[in-house]
Every structure is written in C-alpha cells, then in structure tokens.
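Heads up: the structure comes next, in structure tokens.
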Amino acid sequence: MEVIHKIGRRKTAVARVYLSEGKGDITVNNRELANYFPTATLQYKVKQAFALTNTEDNYDVKVNVYGGGITGQAEAIRLALSRALCEIDEENRGALKPEGLLTRDPRMVERKKFGQKKARKKFQFSKR
C-alpha cells in the first residue's frame, strides 16, 4: 500500500494527513499525539475514525497541521483521517457518514463590521 495523502479543514486549521500501513503510531508536527494534544478528549477526537472502523493499530499516521486552535486542529485531523479511511475501503463510509465525520463543518468566525465593537456587539447607545 502506498502512502495516502488527504487534507482536512476546520475554521482556520488545515491538516495534511499521510496514512501508511504500520502499527498505529500517530505523529503530529513531528511530536507524539499525547504530547501535541494533552487532553483525552482531543486524543479521542483524533482517533475516533479508527475506533469506528476498528482499525486502531493498522496504520501509521504522519500529520502536518497549522492554523487555528487545538480543538480546530484536532477536528481537522479527524476529517482528513476519515477521508483517507474511505479511500482505503469504501465500506468504511457506512460507519463514518452517520457519525458526521465526513462532513466539513462550514462554521467560520463572523467578520467585524465598521461602526460596531465586534461582529454583532454595538457601541453603547446614549440617548442624551
């Protein structure tokens, strides 16, 4: 099996995932997964696609991720891994699609408007 390259995005985070056969090592920006994502919730998000398809220890993953915060980065990696697993075996799609792992979350930060404090917040109104 050759190396499979997929891209996942979430907010402003972009993750490039390189999936190859191996024994389950996940490297994020040349660091161990546990070092890069210290909380168990974020580690679960990254490994969720493997857990749903029962392929936890079958593939080595090398990830380059930049932009956004750590939660956005973890969800970008999850999307890229889900896309890669679907390319390997089309039957994985049946397990991942109902969980929403193949959907690109379109929500972005709303822009700030001129004459306002933030995107929706206004400056304090004074009647007199």
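Every number here is computed from the coordinates shown, using simple stated rules; none is lab data. Please read all numbers here as calculations on a predicted model, not as lab measurements. Note that we place each Cβ from the backbone using ideal geometry, even for glycine, and neighbour counts take in every protein chain shown.
When DSSP assigns beta bridges and you keep just the ones with both residues in the range 4-96, what percent turn out antiparallel, to the nearest 5?
The antiparallel proportion sits near 85 percent.
For the chain, what is the charge dipole size about the Cα centre, in debye to the nearest 20, if Lys and Arg each add +1 at the Cβ and Asp and Glu each add -1 at the Cβ?
Using only the charged Cβ atoms, the result is roughly 2040 debye.
Grab the DSSP H runs of the chain that are 4 residues or longer, score each as -39,500 (n - 2.57), total them, divide by all residues and round the 222 nm result to the nearest 500 deg cm²/dmol.
Values: 4 runs with 42 residues, N = 128.
Taking each H run of at least 4 residues, the total per residue is -10000 deg cm²/dmol.
So what's the angle, to the nearest 10 degrees on a 0 to 90 scale, between helix 70-88 and the longest Cα principal axis of the chain?
Around 40 degrees separate the two axes.
So how tilted is helix 40-53 from the main axis of the chain? Cα-based, degrees 0 to 90, rounded to 10.
Approximately 50 degrees, to the nearest 10.
If you average 1/r over all unlike Cα pairs in the range 4-96 and invert the result, what Kirkwood radius do you get in angstrom?
On the way: mean 1/r = 0.0783 Å⁻¹.
Roughly 12.8 Å, rounded to one decimal.
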